[in-house]
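The values are calculated or read from the model by the stated rules, or taken from the named source; none is laboratory data. This is a predicted model, so every value here is computed, not measured. In this analysis, Cβ positions are derived from the backbone assuming ideal geometry, glycine residues included, and neighbour counts consider all displayed protein chains. Each accessible area value is taken on the protein alone, full model and side chains, heavy atoms only, with ligands, DNA and RNA left out. Shrake-Rupley method; radii C 1.70, N 1.55, O 1.52, S 1.80 Å.
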Amino acid sequence: MSFTLPEYHAPQFSLPRFQSCPDARLDPAPRDGVAPEGYHATSIFPEYFKVNGQWLLAEESRMDCVAVLREGKMAAVEFRNLKAGEPVVVGRTEDGSEGIYVHASGFEPVSGGERETFAFRQGRSRETAYSMDYDSIYELLRHERDHGHIVWVLGPACAFDADARSAFASLVRGGYVHALLAGNALATHDLEAGYLRTALGQDIYTQQSRPNGHYNHIDTINAVRAHGSTAAFIESGAVEDGIIYECVKHAVPYVLVGSVRDDGPLPEVYGNVYEGQNAMRAQVKQATTVICMASTLHTVATGNMTPSYRLVDGVVRPVYFYSVDISEFAVNKLRDRGSLSVRTIVTNVQDFIVNVAKGVAAQG
């Protein structure tokens, strides 16, 4: 089965209802980092703003930002990045009546049929059958490898198991990973696994604790820091396999953003959370598919900066977003935060990685 992107149906701005709408109101930001009263907050959906009689799409959006007119284009700008005097869209309606239109149904198929109002098992939980999801992911990844930008968000559990670690490494080698977002722990335990064959002191295959194994992750961090960088540590031959190893060898960018509980940390870890957010967003701005696994913190962070669409070569296309975790709470938390386009899968992430790697390989 070949993969086909759904067609985007843009609003018909030639209709009288849109023609009669006023231009969006633009008020200057009163000072750096402060939006004017009544500012419009952006969502995950395509949003259009009427400026000088023309409806302009915010081409690179994210939720909880303000819409700013910059160099003739609409930009979604974080409050902290606002500059005094910049023209900010003001208005709290989304139906075009204030020159602001939020288009939430652009990817829905055009159909005259009606859906049933009552049906069983419309939610997604540990009881959901995910066979169709796996098949869809295999097709999606094969398409996106050559036509998109696949961003993965990994928690440390992805490096705790020998098979899962090996499976993700094979995805990197196969070209199915264009960027990796994680914290200090994922990289540390993956490097520990390559360096000492343990993760948090446990053998990555047998899960048996090694004597003095609680030193292993900080010994690994110390060894990396002694080399000056993760790349130098890998080039020294200290590690010869794994997730970060393959990212370095295949020039796949990885962004590690720290937290208050970090040990060490590794030299590349962003200690300033806003610098880390900027680095994450640089990858998210390119993303056409995002798959998050076993990291509630980084999943919610990534989800909140990922819109439901992307403009690629002048065409609006969907951004596919998956959240995978063994905890129903973890996957539902992202939906509760407003990232309604996310597709959730409740399963063991280590099994998920292995299945995905086998599935894309089986399809050639």
**OP:** Among DSSP beta bridges whose residues both lie in the chain, state the antiparallel percentage, nearest 5.
**Re:** 55
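Taking only Cα atoms of the stretch 207-364, what ratio of Rg to Rh do you get with Rh as the Kirkwood inverse-distance radius? Mind dumping the intermediate values first?
Working: Rg = 17.7 Å, Rh = 18.0 Å.
We get a ratio of 0.99 for the stretch 207-364.
Relative to the Cα centre, what is the charge dipole magnitude of the stretch 214-336, using +1 at the beta carbon of each Lys and Arg, -1 at the beta carbon of each Asp and Glu, and rounding to the nearest 20 debye?
On the way: 9 positive and 13 negative charges, 112 e Å.
With Lys and Arg at +1 and Asp and Glu at -1, about 540 debye.
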**OP:** Report the one residue of 230, 28, 270 whose Cα lies farthest in the direction of the positive end of the charge dipole of the chain (charges on C-beta: Lys and Arg +1, Asp and Glu -1; origin at the Cα centre).
**Re:** 28
Subject >> Stretchable slack from residue 41 to residue 147, in nm (0.36 nm times residue separation minus alpha-carbon distance) >> reply: 35.1 nm
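Only Cα pairs under 8 Å and at least 6 apart count here; give the relative contact order of the chain as a rounded whole percent. Could the numbers behind the result be given before it?
Working: 702 pairs, mean separation 64.3, N = 364.
For the chain, the relative contact order is 18 percent.
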Original post:
So, with a 1.4 angstrom probe, what is the percent of accessible area on the chain that is carbon and sulfur?
Top reply: 49
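Per the Cauchy relation, a quarter of the hull surface: what is the mean projected area of the convex hull of the alpha carbons in the chain, in nm²? Could you put the intermediate results ahead of the total?
Values: hull surface 83.4 nm².
Over all viewing directions, the chain projects a mean Cα-hull area of 20.9 nm².
If you stretched the chain out fully between residue 10 and residue 313, how much longer would it get, using 0.36 nm times the residue separation minus the C-alpha to C-alpha distance?
Details: separation 303, 0.36 × 303 = 109.08 nm, distance 1.56 nm.
Computed gain between residue 10 and residue 313 is 107.5 nm.
Using the crude model of +1 on Lys and Arg Cβ and -1 on Asp and Glu Cβ, and no other charge, please compute the dipole size for the stretch 265-364 relative to its Cα centre, in debye to 20. Don't jump to the answer; show the numbers that get you there.
Numbers: 9 positive and 7 negative charges, 60 e Å.
It works out to roughly 280 debye.
From the Cα gyration tensor of the stretch 131-262, with a ≥ b ≥ c the square roots of its eigenvalues, which class applies: rounded if a/c is under 1.5, or else prolate if a/b is larger than b/c, or else oblate? Show your work: numbers first, answer last.
On the way: a/c = 2.03, a/b = 1.56, b/c = 1.30.
Prolate.
With the Cα gyration tensor of the stretch 230-272 giving a ≥ b ≥ c as the square roots of its eigenvalues, does the rule (a/c under 1.5 for rounded; else a/b larger than b/c for prolate; else oblate) give rounded, prolate or oblate? Please report the intermediate quantities before stating the final value.
Numbers: a/c = 2.58, a/b = 1.77, b/c = 1.46.
Prolate, because a/c is 1.5 or more and a/b exceeds b/c.
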**OP:** Quickly rank 41-49, 20-28 as a protection proxy: mean count of other C-beta atoms within 10 Å, highest first.
**Re:** 41-49, 20-28
**OP:** Determine the per residue accessible area of the stretch 283-364 with all protein chains present and a 1.4 angstrom probe, expressed in square angstrom.
**Re:** 37
